[in-house]
Amino acid sequence: MSAAEAQRRVAEALRFDRAGQVQEAISAYRAIVARWPQLADVWYRLAALERRAGNFEAALAAYERALAENLRRPEEACLNRAVILAEDLRDYAGAERELGRALALKPDYAPALLNLGNLHEDLGQRQAAIAAYERILASDPVHPAALARRVSIEHPASPDDPWIDRLRAAIARPGTAPDARATLGFALGLALDACGAYPEAFAAYSAANRDSRAAAPPGTPSYDREAQERYVDRLIAAFPALPVSGSAAPRPPGAPQPIFVCGMFRSGSTLTERLLARAAQVASGGELEFLPRLVAERLAPYPESLRHWSPEALAGLAAGYLEGLARVAPRASFVVDKRPDNFLHLGLVRTLFPAAPIVHTVRDPLDNCLSIFFLHLDQGLSYALDLEDIGHYYRQYRRLMAHWKALCGPRIIEFDYDRFVAEPAARGRELFEALGLSWSEDFLQAHRGEAPVRTASVWQVREPIYTRSSGRARHYAAQLAGLRAWLAG
C-alpha cells in the first residue's frame, strides 16, 4: 500500500484521537503499525493511548517499539516508560533504569532529572533527590520546579535564609510565566511557614494561588458554586437509598478486596493509608484512577446513567476493578484505594462493592481548608484557589457526606486525624478493630517503613507522628475570618 494511503489512515486515527475516542483510536493505530511497522511516531501515539486505556504492558511495548524504529527525541519515550513503571506498575527499580536510559541519551534532560528527584523522594532517599535537583540547578539556577523541590526538601531555618532569597528573586525575575511563579510561590509560602513568618507565608500562598489561576489552560472553568450544589443534588437524588443488592461479581479466588479511604484532600488520608499498610495482609494502592475514570468515561452522564445499567453489567465493572487491584498487589488480601475525592462516589462504591470497608478521614475544618489553600493543586480543582470557594466546597462535601452516612450508618468508618495524633494507640486500635484487622502498636512506627510514598506530604508521613498540624489555623486567625464565616453558614 502507498505512502498516501498510510497518511490517510494516520489522519483518520488522529481524528479519533483528538475527539477523545480512545478505543477507536487504539484500533486505528494498531491497524496502521500492523501494515507500516516502521512508523515510530504512530507507535509513540499508540503507547500514550494504551496507557490511558489502562493497558500498561502494551503501552510499554509500544514505546519500546517506537525506540526500535528510531523515534525522534527517544529520551521522551524512555521518560514515559519510567512514568508507567513508577505510577501504574509500582516497579520503581524499572522506572529508575528507564530514567537512566533517558539521561544516557541526553544528560541534561531536565524532565528526566525532575522525575528522578521525585522518584528518590517517593522512596525516602533525601540526598539522592537533592542531587538530582541540584544537577538541574547547576545549569539553570532559576529552574522553577527544581528550585521549588530543592527548597521543599530541606526547609530554611529563618526568613533571611539564602534559599528564600533565591525563591523571591526567581519569582520577581522579568518574564517569569505565571505557572512558574505559582510553583515558586507555593515553595516560598512553605518555607516561610516553616520558619514561623506567618503573615509573609500567607501573602506568598495567596499570590501563588492567583498565579496558578492565571496559568490555567484556556477554557479551564472557574469554580461554579451553583453547579457544585446542583451536582451534589443530583448525587443525592440518584441514591435515595442503597441498592437492595450490590454487584453480583464474585471476588476472584485470591484477589484482594478494596478498602476505600476518602474525604477532603489534606484530611489525613495518606497517614491513614500508611498506617493500614503496616498490617501484613494490606497493601497501599495509592490514588487509583479507576472510579474517576469510570465516572468520566464509561458512566457518563453520571450519576443518571446508572439507572440504565443492568446488574450483570455493573458486575462486570466491579470485576474489572478487582482485576486492576490484583495487578497492583497480587498477594495482598486488601488494597487501600486512597482517592480522597471518591467521597463523591460512595453510592457507586456501595453499588459495586456492598461489603467493601469505607474509611472517611476528617480533621478540623479550618486546618483542612487552609492546608488545601497552601497546596499547589491542579487548576481543575478550581475551588482550591480561593479560600471562600474552598469553604463553599467544604459545605457541599459536608452535605453529601451527611447523606451517605444517613444511608450507610456505621458502615462508613470515620477516622479523625486530630484525635489520632493526640491518642495514636487508642485511635489506631479503634480503626483496626472496626475493619476486622489485627492491631499492633508497632504499626505506629509507620514512618520507618520502606514503602514508597506518592503524595504531597511525602516527607511529613516519613516523620514520627506529630501534632503540629492540628490547630495550624491559629497562626492565620485574621486571614481566615471569611473562611470561618463560610464554614459556619
Amide H contacts under 5 Å for Phe415, restricted to residues at least 5 apart in sequence or on another chain and with H modeled in the peptide plane, are His360, Thr361, Val362
The local net charge around Gln379, scoring Lys/Arg +1 and Asp/Glu -1 for residues other than Gln379 whose Cβ lies under 13 Å from its Cβ, equals -3
Length-normalised contact order of the chain, Cα under 8 Å, at least 6 apart, in percent, tallies to 13 percent
Summing +1 per Lys or Arg and -1 per Asp or Glu among the other residues with Cβ less than 13 Å from Trp486's Cβ gives +1
The chain, convex hull of Cα, quarter of hull surface, nm² -> 24.5 nm²
In the chain the DSSP beta bridges are antiparallel at a rate, in percent to nearest 5, of 0 percent
Rounded to one decimal in nm, the spacing of the 7 Å Cα→Cβ label points at Ala138 and Arg30 is 4.5 nm
Inter-part gap, Cα centre of the range 64-95 to Cα centre of the range 116-183, in whole angstrom, is 25 Å
With the 8 Å Cα cutoff and a minimum separation of six or more residues, the range 216-362 has a relative contact order in percent of 45 percent
Residue-ordered couplings for the range 227-240, obtained by feeding phi - 60° into the Karplus form 6.51 cos²θ - 1.76 cosθ + 1.60 and rounding to whole Hz (Gly and Pro as x), are 5, 5, 4, 5, 5, 5, 4, 5, 4, 5, 5, 6, 10, x
Here the range 188-198 yields Karplus 3J(HN,Hα) values (6.51, -1.76, 1.60; θ = phi - 60°; whole Hz; Gly and Pro given as x) of 5, x, 4, 5, 5, 4, 5, 9, x, 8, 5
Given 231-241, 269-279, the highest-first ranking by average Cβ count within 10 Å works out to 269-279, 231-241
Once phi for every residue in the range 315-330 is put through the Karplus expression 6.51 cos²θ - 1.76 cosθ + 1.60 (θ = phi - 60°), the whole-Hz ³J(HN,Hα) values, with Gly and Pro written as x, are 4, x, 5, 5, 5, x, 5, 5, 5, x, 4, 5, 6, 5, 8, x
Burial-style ranking of 70-78, 178-186, 58-66, average other-beta-carbon count within 10 Å with highest first, yields 178-186, 58-66, 70-78
Calculated from DSSP helices alone, with each H run of at least 4 adding -39500 (n - 2.57) and the total divided by the residues of the chain, [θ]222 nm to the nearest 500 comes to -17000 deg cm²/dmol
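Each value in this text was obtained by applying a stated rule to the coordinates, not by laboratory testing. The model shown is predicted, which means the values in this text are computed figures rather than measured ones. Don't worry about glycine lacking a Cβ; one is built from the backbone with ideal geometry, like all the others, and counts go over all protein chains shown.
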